[in-house]
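Let me begin by presenting the structure, written as structure tokens, before commenting on it.
Bear in mind that the values in this text are calculations on the coordinates, not laboratory data. All values derive from a computational prediction rather than experimental measurement. Neighbour counts run over all protein chains shown; Cβ positions are idealised from the backbone, glycine included.
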Amino acid sequence: MNNLETAKKLETTKLGGDDVAGIDELGQVYKRLKNELGKIIVGQNEVIERLAICLFARGHALLMGVPGLAKTLLISRLAETMSLKFSRIQFTPDLMPMDITGTDILQDSGSGRRDFEFVKGPVFANIVLADEINRAPAKTQAAMLEAMQEHRVTVVGKTFHLDPPFFVLATQNPVEQEGTYPLPEAQLDRFMFLIEVDYPSREEEIQIARSTTGGTLPQLEHILTGEDVSRFQGLVRRVPVPDHIYEFAVDLTRRSRPNSEDAPEWLKPLVGWGAGPRAVQYLILGAKARAALHGSYMVRLEDILEVAEPVLTHRVLTTFAAESEGMRSRDIVRKLVEQLSKES
């Protein structure tokens, strides 16, 4: 038995046969998903992978980038590949919370009696696109909090549960742009990943020009149902994690906190607030989902390293000293990951 066969045998000892087959199936589904999106979306392979990780880890994703980078198109087309209910909310300064959650409306019952009837808002869907979420003020942004965390909505004292799977994909413009309201830290923490969408390469931009200025865009094939998504989400939770991976996730998160004794000296003047325990949870869940998508039957260190940046970047808040030195949250996270991985 060669080393690869030995490693695979060791990996599968903690998984049942059905789970091993499920991971193989998920890997094939992921390849089909990428191929379908590739018919319309040029490049952005890393963005697509991170969206898939959030989906199968039961997380929410926040995409950030300047206008025109196909953030909205990518999300709407991702929803098209799934037989799920999709809704899009365009956040604007005059958007009200009831425009998201829904509200009671006085209806005529036909017998001369008038009763209040709850009309569901666009948040009652499986995939919700919160487009340009930082264009709306804090009161409206907060309407998403309970839905994202508790998967329910409370309106006028009544609670309504959201049907699973429930997945919020939000886009935001850079906060330096006019007319934006920065998301508060409490709401940022609800998002599993912050996915930064960058400009395409020259070759990709040429391909974009060729493929999007001709005829109509192709229709995408439905690949997943709601039952499939829920089944794969449960499968991801069962992917085994070695003890040293748990320790790595905890050590990395603790080092991001400037008041912690674990924090390196260079970080303390640069960071005002570090990541909380939810970051540890998302590091593990993200690593599990990535391992399953790539056909691995156990989480490896490389899976944690790949998800560390999108999990931690929006949870590490820099100080003025960091800004004056040109150090962004992403730079600090990368340095932390590099240092800890060398020590491990």
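Structure summary
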read-out	value
Equivalent ellipsoid semi-axes, the stretch 58-193, via Cα gyration tensor eigenvalues times 5, rooted, Å	28, 17, 14
The chain - mean residue ellipticity at 222 nm from DSSP helices (-39,500 (n - 2.57) per run, n ≥ 4, rounded to 500)	-13500 deg cm²/dmol
Cut-off under 5 Å, modelled amide H: who pairs with residue 63 long-range	170, 171, 172, 195
Gain upon complete extension [residue 32, residue 259; 0.36 nm per residue less C-alpha separation]	77.2 nm
Residue order, fewest to most surrounding Cβ atoms within 10 angstrom, among 262, 18	18, 262
Rough spin-label spacing in nm, given labels placed 7 Å along Cα→Cβ, for residue 186 and residue 113	4.0
Extension gain (nm, one decimal) between residue 90 and residue 281, 0.36 nm per residue minus Cα-Cα	65.8 nm
Estimated FRET transfer efficiency (residue 205, residue 247; beta-carbon r; R0 56 Å; 0.05)	0.85
For residue 233, net neighbour charge (Lys/Arg +1, Asp/Glu -1) across residues whose Cβ lies under 12 Å away	+3
Extent along principal axes [Cα atoms of the stretch 240-344; Å; largest to smallest]	44, 24, 23
